[in-house]
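To start, the structure under review is shown below, and the notes come after it.
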Amino acid sequence: MLICRRKGGSGVAVIRVGTCAWSDHEEYYPSGLPQRERLTYYARHFPLVEVDSTFYRLQPARWFADWAARTPPDFRFNVKAYGAMTRHHREPRPGEEDLLEVFKRFAGSVEPLREAGKLGALHFQFPPWFTCSNESREWVQFCREYFPDQLVAVEFRHTSWFAGENREKTLQFLRDIRAVHVACDAPQVGSGTVPRVVAVTDPRLAIVRFHGRNARTWYVKGTTSAQRFDYLYSKEELAEWLGPIRQELEPNVAEIHLLMNNNRANYAVRNALDLMELLGLPTPERDARGVPVAPGAERRTEQLRLF
């Protein structure tokens, strides 16, 4: 079983650990594994993934249907909202002048996941220039209300949302609109990163995203996501989260999603497995690189044990 069920104050909390995207981790997949088979392989080791490609472009529903077909019944997808929906696009792109139509197209694209029972949360990550204001709150509320029957997660990236008395006001706002607060582990530099705020705002779900702690690359423009999130957590650093997870999240929520976004090389996979081990979840045998032993190597190892 790849998920962890722990008794909390409100019942049994399900804990899922995964990575942000599955195609970035080149060193994780066995040599020669076709691109089309990567998601199925990933789902052997993790019960959750965040779909990040949806942030960059609207995608056809048939892709989501295919992903649903390639994963086990208990697998979950958190889907990142398209950039136009989170105010990342300063100007509308051609054909996207009608923002309501953009929302409609996005909702239609993820419908196969919802029908399959595999849609986790719709993840709205707002840009660093999206500051705490009445106008911003109104937009967040609109986004949440457009998807009344779905779990909607909100990740802020500007410090103003949690500065001083705004911290409790922001958390209460998310509770009022039934949105999931996304806690972050990230370098604490400047205004474009939020402090670690661990809280439950929707009793159905809590999310923690691990961005790494590379302060040197956090604001470097023109870098790839792998360069920006070039950071491998130590087990000691990950263990810092065991207390908040067990004491603040588990007793108050039905499900917890822990997602690694440090997608340099195989870092996200290694740290996701590290965190699973710390939580007492079963993990596969790993090779010297820290990733699961490839299927062929597993058989060879078992054969050697017979002698």
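Worth a mention:
- Breaking point among (1) β-branched (V, I, T); (2) surrounded by fewer than 20 Cβ atoms within 10 Å (Cβ to Cβ); (3) within 30 Å of T40 (Cα to Cα), for T131: (3)
- Checked against (1) part of a loop (DSSP other than H, G, I, E, B); (2) over 21 Å from L151 (Cβ atoms); (3) modelled with pLDDT of 95 or more, L273 passes all but condition (1).
- Those helices (runs of 4 or more DSSP H) of the stretch 54-136 that lie entirely within it include none in which at least 2 residues are at pLDDT below 95, of a type in the set (G, A, S) and more than 25 Å from R36 (Cβ to Cβ).
- Residue in the stretch 128-138 that is of a type in the set (G, A, S), within 29 Å of Y219 (Cβ to Cβ) and more than 16 Å from the chain's Cα centre (by Cα) present: yes
- Just one of the listed residues (Q172, Q125) is within 18 Å of A206 (Cα to Cα) and either surrounded by 14 or more Cβ atoms within 10 Å (Cβ to Cβ) or among the hydrophobic types (A, V, I, L, M, F, W, C) (or both), and it is Q125.
- Residues of the stretch 227-250 classified as touching a residue at least 24 places away in the same chain (Cβ under 8 Å) and either in contact with a Pro (Cβ under 9 Å, 6 or more places away or on another chain) or polar (S, T, N, Q) (or both), total: 2
- Residue within the stretch 84-93 that is in contact (Cβ under 8 Å) with a residue 60 or more places away in the chain and not polar (S, T, N, Q) present: no
The values are calculated or read from the model by the stated rules, or taken from the named source; none is laboratory data. Because the structure is a prediction, the values reported are computed rather than measured. Because the Cβ atoms are built from the backbone with ideal geometry, glycine has one as well, and the counts that use them run over all protein chains shown.
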